[in-house]
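The values are calculated or read from the model by the stated rules, or taken from the named source; none is laboratory data. Here the structure is a predicted model, which means the values were calculated and not measured. Virtual Cβ from ideal backbone geometry, glycine too; neighbours counted across all protein chains shown.
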Amino acid sequence: MEKTAKFTVFLDRDGVINVDSPDYIKSAEEFEFIPKSAEAIALLTQKCFDVIVITNQSGVGRKIFTRQALDAIFDKMKKGVADAGGAIKDIFFCPHTPEDGCSCRKPLPGLLFQAIQKYGIDPVCSCMIGDSIKDIECAQNAGCGYSVLVRTGNGKKSEKKLREKNVRKPDFTADDLMDAVRWLNFIE
């Protein structure tokens, strides 16, 4: 197990890093960065934050796309981030459907716990950034120090639902990932 004292930023993928689709992102060709998201990850890297992607990918479990297609999407994402000057330390994904009852599908904290254990992360020194209530609940369930909701992807709908649901509000609501990164620079 690698030990780290760095501040870790956990990012949801769809709707935060890339444009989401109700029909799933099924291939590398369908993957499209949200404007400024790769540059935002580059800023995190330059500030010495570790960036780890935490994502539900039930399209694998539903047989909508293969694990190989998912790996190609991840490769394109990592290359785009690297081309912008950033780095993604690792990617943890849940391939299960909601009906599978796994412990790794957000809002359950299984994926975060896997990353925390693998890298010796202090969850208090971490932030989860996502576009859904599941992301905010996942951060809270794992004991992350901070949670941020972005208004991209499903974020605007989630922001309204948060008011109705009994979920602790995120620490910050950002217009997009770049806005979230600017906020993080003030808390670190």
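Results for (1) of a type in the set (Val, Ile, Thr); (2) modelled with pLDDT under 95; (3) in contact with a strand residue (DSSP E or B) (Cβ under 8 Å, 6 or more places away or on another chain); (4) at negative phi, shown as yes or no for each residue.
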residue	(1), (2), (3), (4)
Leu44	no, no, yes, yes
Lys63	no, no, no, no
Asp75	no, no, no, yes
Ala84	no, no, no, yes
Say we look at region 165-181 and pick out the residues that are among the β-branched types (Val, Ile, Thr) and closer than 20 Å to Ala142 by Cβ; which of these is surrounded by the most Cβ atoms within 10 Å (Cβ to Cβ)? Thr173
Some residue of region 30-37 being outside any loop (DSSP other than H, G, I, E, B) and among the acidic types (Asp, Glu): yes
Out of Phe33, Phe65, Phe74, Phe92, report the one residue that is among the hydrophobic types (A, V, I, L, M, F, W, C), touching a residue at least 24 places away in the same chain (Cβ under 8 Å), under 24 Å from Gly120 (Cα atoms) and crowded, with 16+ Cβ neighbours inside 10 Å. Phe92
I need every pair where a residue in region 116-144 that is closer than 20 Å to Asn185 by Cα has its Cβ under 6 Å from the Cβ of a residue that is of a type in the set (A, V, I, L, M) and surrounded by fewer than 24 Cβ atoms within 10 Å (Cβ to Cβ), sequence separation at least 6 or different chains. Pro123/Ile116
If you check Ala42, Ala139, which single one turns out to be farther than 13 Å from Arg13 by Cβ, out of contact with any Cys (no Cβ under 9 Å at 6 or more places or on another chain) and small (Gly, Ala, Ser)? Ala42
Would you check which residues across region 100-126 are buried (at least 21 other Cβ atoms within 10 Å of the Cβ) and of a type in the set (Ser, Thr, Tyr) and list them? Ser126
Kindly provide the set of residues from region 36-48 that are surrounded by 21 or more Cβ atoms within 10 Å (Cβ to Cβ) and in contact with a Lys or Arg (Cβ under 9 Å, 6 or more places away or on another chain), ordered by number. Ala40
Residues to consider are Leu112, Leu43, Leu108; find the one that is touching a residue at least 40 places away in the same chain (Cβ under 8 Å) and under 18 Å from Gln140 (Cα atoms). Leu112
Which condition number in (1) aliphatic (A, V, I, L, M); (2) surrounded by 18 or more Cβ atoms within 10 Å (Cβ to Cβ); (3) under 22 Å from Phe33 (Cβ atoms); (4) over 13 Å from the mean Cα position of the chain (by Cα) is the one that Ile129 fails? (4)
